[in-house]
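Presented below is the structure to which this report refers.
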Amino acid sequence: MKCLPEVAQLAKDHGALVVVDAVCTLTTMPLQMDEWGIDVTIAGGQKGLSSIPGVSLIAFSEEAWNTIKSRKARQPHWCLDALRAQTFWGSQQYHYTAPVPGILAIHEALRQICEETLPVRFERHRTSSIALQAGIETMGLQLFVPIRDRLNSVVAIQTPLDTDNAKIRKTMSTRFHVEISGAFGLDIMRIGQMGEQCRSQNLFKVLYALGMSCRQQGVDLDVSLGMAELERNLVIDPENLVD
Ligand SMILES: *Cc1c(COP(=O)(O)O)cnc(C)c1O
């Protein structure tokens, strides 16, 4: 698998623009839009940024913006009209009614991110993810993604043989009040630990819920060994313990 700067270069070599969906990664791991040659980055508020759903951020490179400005075709939908959006934000011309609470929420989320600083936030997500991965594997489950391609914000787990991950997730939800997701087309479960969710108390809760719910489906796991491994791997930074 190639890394983003290589993908972007390949696209450039073929005259294409590169759009990156950073919904779950923005502020959880580095993303150097200009240095890596990315033309458009999109992000929702509800994942890595830890705001609420409904307001999205989008950024364009010079080249992408020039391409948009020179488009001749009428936009098929007003939602896709970046020029109108720009005049809304830049020149106070009507495009839609602004979702005021969402904008305040994203402002507050970004304020908290600035306060924490990006390097600290990246490190918090990285150490939390590694600890969670270690806990899951030690418990006896298998991770889906090869180690070099893993995100800091989502951990993908193979569904144990001969089990139905929808049943495991149902137990997690009803008995432990923890929601994780399945996937589109793959037999995996995904744990998202992003933004304010990515704190040690939540990691323990999700790992315990996962382990016990798998066991209820007859999967032979050592839950306590996994919990101990999670604890051992979490760098106990006093900051991490503050709610
Ligand atoms: C969650 C997610 C989306 C979709 O966001 P919704 O929550 O369904 O609005 C898109 N891309 C990535 C990478 C995501 O993680």
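The values are calculated or read from the model by the stated rules, or taken from the named source; none is laboratory data. It should be emphasised that the depicted structure is a prediction, and the values quoted were computed from it without experimental measurement. As a convention, Cβ positions derive from the backbone with ideal geometry for all residues, glycine included, and neighbour counts pool all protein chains shown. These area figures cover heavy atoms from the full protein model, side chains too; ligands, DNA and RNA do not enter into them. Shrake-Rupley method; radii C 1.70, N 1.55, O 1.52, S 1.80 Å.
Measuring only protein heavy atoms, the 1.4 Å probe finds F122 accessible over about 50 Å².
Give me the percent of the accessible area of the chain that comes from carbon and sulfur atoms, probe 1.4 Å, all protein chains in place. For the chain, the apolar C and S fraction of the accessible surface comes to 56 percent.
Could you tell me how many degrees, from 0 to 90 and to the nearest 10, lie between the Cα long axis of helix 200-216 and the main elongation axis, the longest principal axis, of the Cα atoms of the chain? Tilt of helix 200-216: around 60 degrees. For S173, the accessible area of its heavy atoms, probed at 1.4 Å with every protein chain present, is near 30 square angstrom.
With axes computed from alpha carbons, what is the tilt in degrees of helix 223-233 against the longest principal axis of the chain, rounded to the nearest 10 within 0 to 90? Once rounded, the angle reads 50 degrees. Among T163, T138, the sequence by solvent-accessible area, most first, with a 1.4 Å probe is T138, T163.
For the chain, the share of alpha carbon pairs falling in successive 5 Å distance bins from zero is 1, 6, 11, 15, 16, 14, 13, 10, 7, 5, 2, 1, 0 percent.
When the Cα positions of G48, Q75, Q32 are compared along the charge dipole of region 4-116, Q75 comes out farthest toward the positive end, with charges on each C-beta of Lys, Arg, Asp and Glu.
Any idea of the accessible area per residue across region 119-240, 1.4 Å probe, to the nearest Å²? Mind showing how you got there, number by number?
Details: 6300 Å² over 122 residues.
I get 52 Å² per residue for region 119-240.
Relative to the longest principal axis of the Cα atoms of the chain, helix 4-13 runs at roughly 30 degrees. Normalised by 2.2 N^0.38 Å, with N the number of residues, the alpha-carbon radius of gyration of region 98-214 equals 1.17. Estimated at the nearest 10 Å², the accessible area of R169 is 60 Å² with a 1.4 Å probe.
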